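Where a number appears in this text, it was derived from the coordinates with a stated rule and is not lab data. The model shown is predicted, which means the values in this text are computed figures rather than measured ones. Here the Cβ is made from the backbone with ideal geometry for all residues, glycine too, and neighbour counts use every protein chain on show.
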Amino acid sequence: MKKAAECRNFAIAGHSGSGKTTLTELMLFKAKAIERRGSVEQKNTVSDYAADEQERQSSLYASVCHCEWKGKDFFFSDTPGNAEFVGDVACGMRAADAGLVVLDAVDGPQIGTARAWMFARGRDIPRFGIINRLDRERGDFDRTLEKMRINHGRNVVLPLTWPIGAEENFSKVINVLFEKDVPADIADKVAEVRGMWMDAIAETDEDMMMRYLDGQELSADEIKKGMKAAIFAKKVIPVFACSALKDVGVTELMDAMAEIFPSPHARTVIFADNSEIPVSDEGPAIGLVYKSVNDPFIGQLSFIRVRSGVFKADSEVQNVSRGTKERFGALLLMNGKIQTPVNEAGPGTIFAVAKLKDTHFGDTVVLGDWSRVLPPIAYPHPVMSYALSAAKSGEDDKMIMSLNKIAECDPTLEISRQAETHEMLISGMGDQHLNIVLKRLKDVYKVEAKIATPKVPYRETITGTGESAYRHKKQSGGAGQFAEVHLRIEPNPDGFEFVNAIVGGAIPKNFIPAVEKGVMETMNQGPLVGCPVERVRVTVFDGKYHPVDSNEMAFKIASRAAFKEAMGKAKPVLLEPIMNVHIHVPDNDMGNVTGDLNHKRGRIMGMGTQEGLNVVNAEVPLAELPKYATELRSMTQGRGSFEMEFIRYEEVPGQLAKEIIAKHQAEVAAE
């Protein structure tokens with residue numbers, strides 16, 4: 001096992017189809033980690049090993065890989081570029097010390113590119129760019145570089161290697177800082193970039209800055225030191241030129257990874273309580289479980305990024321997130337599904353361990369005496385849901401158990417029961433994501449599910465005041481039932497409030513809880529569409545009782561009836577959930593997206609830019625969004641993405657409310 005200083009840990013991310021998997025395959029081959037180089041088209045790459053990935057010829061999951069180059073251990077993830085599998089990008093970036101974003105030289109920066117930059121920036125790790133596919137027709141380094149500079153800043157995006165030749169004539173790259181023999185046709189461009197690099201390098205040290213301004217030359221060692229300082233400070237984004245398919249520029253990229261990518265020592269270990277410690281090869285071993293995979297042969301594999309210290313095989317560890325103990329067997333270094341057992345794993349290492357009893361992604365595991373936990377992993381919220389039930393009668397429990405097993409390995413998949421609509425929901429990042437989950441449910445767990453568009457979880461409230469008195473009287477021989485309740489209901493923006501305004505003992509105190517309970521039970525199913533009632537103040541102000549026939553049940557029955565009658569007099573209205581929606585979209589699609597939002601009763605709250613993409617912030621009723629993931633993909637040819645979160649309930653417009661209520665009443669009548 002190498003020390004932390006010799007470890008390089010990074011995530012490869014970018015838009016779908018930019019060549020991430022081809023680059024991963026070539027790096028493993030060049031480092032002799034694999035004997036032959038596979039291809040996406042032949043469905044035999046190391047990282048796209050799952051059947052559904054091979055079928056689609058596209059990465060759907062983050063694959064962990066490992067190789068050795070120039071005395072350095074590389075641990076890295078090939079992450080998916082499809083927006084609906086963004087959870088694995090979050091996982092890969094959380095385990096990384098650097099983000100390598102791959103761009104297609106033909107298409108330039110796209111939505112997946114912007115998303116990769118955002119995740120790396122959110123992790124506050126150094127970012128590197130690589131312009132790939134320069135051998136392709138219309139592959140243009142200058143054009144792609146200029147778009148990157150527009151998005152991130154001209155003095156921020158600095159090429160470290162520059163291509164010689166273009167398209168089919170692309171043959172080699174040169175280092176802009178140290179290459180002396182520069183072809184005349186690119187000499188001016190390279191000189192300009194070299195000057196920008198030297199400015200950034202000199203700014204990292206006051207002494208170097210003074211000598212640089214005096215016209216003195218900096219040594220090669222000083223340049224390398226200053227370059228690393230500028231990169232680690234996130235002042236620059238170094239950019240590499242390459243063709244992973246033709247193996248041009250990849251050796252230079254890998255050499256730079258060994259030389260200037262950060263080691264685990266570049267960051268401290270920060271815990272959830274904001275305390276921190278330096279990374280050390282000594283002391284307690286601390287690791288984050290950041291990913292889980294169900295292996296068909298050995299069961300669930302938990303992937304752990306070592307933050308500090310050294311884990312040992314065949315040892316007992318503490319799961320400090322759950323206060324439990326686990327037993328580690330073999331520690332497995334992974335290349336896709338290829339497993340290599342090792343005896344120990346130090347800082348920066350990513351290893352897998354099988355068959356842990358109660359350890360899940362996001363947990364902190366330690367070997368030694370330690371109690372602080374690492375911060376949880378932040379995942380995007382689901383944006384699409386299906387209501388589902390088992391296709392075969394009696395298989396609902398089996399379906400839910402199987403889906404929960406799938407969700408154990410998919411942090412962006414949620415299985416829940418909607419209290420208002422009584423539906424079982426499966427929620428994820430889009431229809432492709434959910435359909436793959438349902439296919440796995442059928443193929444692996446032999447359960448088929450029926451899906452439907454979920455009902456909207458409406459609520460009901462009132463806009464006026466209503467009073468009602470109800471007498472419940474029942475006599476059928478022996479003891480009877482008697483209760484009379486007078487209620488007043490009125491709007492209460494702060495939520496539900498029950499007020500006891502009884503004076504003179506009209507209703508004995510021991511029956512007041514029964515009145516309140518009857519009201520609360522009735523509020524679970526409002527009079528308009530049978531949804532919960534909220535934002536009301538209910539006051540019991542009068543009533544009557546019988547010393548023999550009154551009991552709690554009688555007062556519950558009377559209060560239910562009185563509440564229903566008072567609701568009808570208090571101008572009841574329907575409320576709908578409003579979502580805060582953030583849409584990332586290219587310039588060309590802005591008109592289509594904003595126009596569509598207007599048709600969806602959306603209110604555009606603001607616009608901005610982020611990592612080169614337009615961001616539209618809007619408030620939209622949930623009722624308008626059940627298929628928005630699919631609709632947005634269609635409107636933008638797959639170049640748009642969105643996130644949403646619930647913010648509040650608002651009154652449904654009158655005519656639309658009438659239609660919803662009429663539909664509900666027709667369904668009730670039909671039943």
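For the range 1-134, DSSP calls about 30 percent of its internal beta bridges antiparallel. Taking Cα centre as origin and charging only the Cβ of basic (Lys, Arg, +1) and acidic (Asp, Glu, -1) residues, the dipole magnitude of the chain rounds to 1600 debye.
Checking the cross-link pairs Lys2/Lys228; Lys43/Lys355; Lys509/Lys564 against a 27 Å limit on the alpha carbon distance flags Lys43/Lys355 as lying beyond it.
For the chain, the longest principal axis of the Cα atoms and the long axis of helix 654-670 meet at an angle of about 70 degrees.
For Lys392, a cut-off of 17 angstrom between C-alpha atoms picks up these lysines, skipping any fewer than 8 places away in its own chain: Lys439, Lys442, Lys446, Lys450. Between the helical axis of 184-202 and the longest alpha-carbon principal axis of the chain there is an angle of about 60 degrees. Reducing the range 87-137 and the range 439-484 to their Cα centroids gives an inter-centroid distance of 49 Å. Which option, [x] 37, 31, 24; [y] 41, 34, 21; [z] 59, 29, 24, is the value of semi-axes √(5λ) of the Cα gyration tensor in Å that was calculated from these coordinates? Checked against the structure: label [z].
Peptides 354-366, 237-249 ranked from most to least packed, by the mean per-residue count of other Cβ atoms within 10 Å: 237-249, 354-366. Across all Cα pairs in the range 1-135, the calculated P(r) in 10 Å bins from zero up to the longest distance comes to 13, 45, 35, 6, 0 percent per bin. Taking a point 7 Å from the Cα of Met553 along the Cα-to-Cβ direction, the residues of the range 488-519 with backbone N closer than 16 Å to it are 514-515, 518.
Comparing Ile298, Leu60, Met635 along the charge dipole axis of the chain, the residue lying farthest to the positive side is Ile298, per the Cβ-charge model.
If only the Cβ of Lys and Arg carry +1 and only the Cβ of Asp and Glu carry -1, the dipole of the range 384-455 around its Cα centre is close to 220 debye.
Building the convex hull from the alpha-carbon atoms of the range 464-570 and averaging its projection over directions returns 6.5 nm². All C-alpha pair distances within the range 552-604, sorted into 5 Å bins from zero, spread as 4, 13, 15, 12, 8, 6, 8, 7, 8, 8, 6, 4, 2, 0 percent across the bins.
Between Arg372 and Lys32, the contour length at 0.36 nm per residue exceeds the Cα-Cα span by 118.5 nm. Of the trypsin sites (Lys or Arg not before Pro) in the range 371-451, the ones in a loop by DSSP (not H, G, I, E or B) with at most 10 other beta carbons within 10 Å are Lys446. Across the chain, Cα pairs under 8 Å and at least six residues apart give a relative contact order of 11 percent. Helix 552-569 and the longest principal axis of the C-alpha atoms of the chain enclose an angle of approximately 70°. The separation of the range 601-671 from the range 317-363, counted between C-alpha centres, amounts to 42 Å. Using a cutoff of 8 angstrom between alpha carbon atoms and counting only pairs six or more residues apart, the relative contact order for the range 428-577 works out to 36 percent. If the segment from Asn274 to Asn617 were pulled out straight at 0.36 nm per residue, it would be longer than the present Cα-Cα gap by 120.4 nm. Within the straight-line cut-off of under 20 Å between alpha carbons, the lysines reachable from Lys455 are Lys600, Lys627, Lys658, Lys663, sequence neighbours fewer than 8 places apart in one chain being disregarded.
Per residue, the convex hull spanned by the Cα atoms of the range 134-202 amounts to 80 cubic angstrom.
Taking every alpha-carbon pair under 8 Å whose residues sit at least 6 apart, the range 307-455 reaches a relative contact order of 21 percent.
Size of the range 574-655 from its Cα atoms: along the principal axes, largest to smallest, the extents are 39, 21, 17 Å. Here the range 574-655 is assigned +1 on the Cβ of each Lys and Arg and -1 on the Cβ of each Asp and Glu. Its dipole about the Cα centre then comes out at about 140 debye. For GluC sites (Glu not before Pro), the sites in the range 2-56 that DSSP calls loop and that have at most 15 other Cβ atoms within 10 Å are Glu35, Glu41. Using equal-weight Cα scatterers in the Debye expression, the normalised intensity of the range 78-226 in log10 at q = 0.19, 0.20 Å⁻¹ is -1.22, -1.28. Shape class of the range 222-326 from the alpha-carbon gyration tensor: oblate, with a/c at 1.5 or above and b/c at least as large as a/b.
Using a simple spin-label model with pseudo-atoms 7 Å out from Cα toward Cβ, Glu146 and Ile338 lie 4.3 nm apart. The stretch between Ala419 and Val444 holds 6.1 nm of extra length on full extension. This uses 0.36 nm per residue minus the Cα-Cα distance.
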